[in-house]
Amino acid sequence: QSVKTVAEALKADNRPEAEAHTTSSHAWGNFEQLIHKSCFNLSSLTIKAGSVLEIDPATAREAIVVEGNLTVSNTHMQMDVLEGQRVALESNVPTKLMNRSNDAVEVVFLTLDPTGTARPDTSIAHYA
């Protein structure tokens with residue numbers, strides 16, 4: 001009953017959470033949309049040990065490693081990004097994220113869209 005009440009309240013307030021799930025599970029790990037506004041998105045990915053995934057190159061993003069270590073590579077570079085570090089991901093450049101460790105890695109993504117037309121990052125990554 002309480003879930004239904006919350007869902008109805010979200011719909012009444014025209015909240016996007018009423019229609020779309022903010023979390024999803026994938027073979028490579030989990031995705032969670034934390035904040036979606038017209039000019040930016042903030043999302044979190046938890047990447048399973050040993051997984052490799054490719055980030056949708058349509059939009060430039062800033063990636064911040066919250067927990068663990070990650071290898072980031074594209075046609076221009078390959079680098080290890082350590083816990084607490086960040087890396088800018090270029091738009092229109094396919095980028096792979098590799099978790100070479102035995103533990104999950106948590107990464108937060110900030111996607112800016114100064115045009116004010118940002119869509120939720122629901123398709124930010126796919127299995128490489």
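A few notes on this one:
- FRET efficiency, GLU8 to LEU112 (Cβ-Cβ, R0 30 Å, nearest 0.05): 0.35
- For the pair THR75 and PHE40, the difference between a 0.36 nm per residue extended length and the Cα-Cα distance amounts to 10.0 nm.
- In this structure the amide hydrogen of HIS26, modeled in the peptide plane, comes within under 5 Å of the amide hydrogens of PHE31, none closer than 5 places in sequence on its chain.
- Annotation: peptides 71-83, 101-113, ranked by per-residue average of other Cβ atoms within 10 Å with the highest first, follow the order 101-113, 71-83.
- Shown here for the range 35-76: trypsin sites (Lys or Arg not before Pro) in loop regions (DSSP other than H, G, I, E, B) with at most 13 other Cβ atoms within 10 Å, namely LYS37.
- Shown is the FRET efficiency for GLU90 and VAL66, computed with R0 = 22 Å from the Cβ-Cβ distance and rounded to the nearest 0.05: 0.55.
- The stretch between LYS48 and LEU82 holds 10.6 nm of extra length on full extension. This uses 0.36 nm per residue minus the Cα-Cα distance.
Bear in mind these aren't lab numbers, they're just calculated from the coordinates by the rules spelled out. All values derive from a computational prediction rather than experimental measurement. We place every Cβ from the backbone using ideal geometry, glycine too, and count neighbours over all the protein chains shown.
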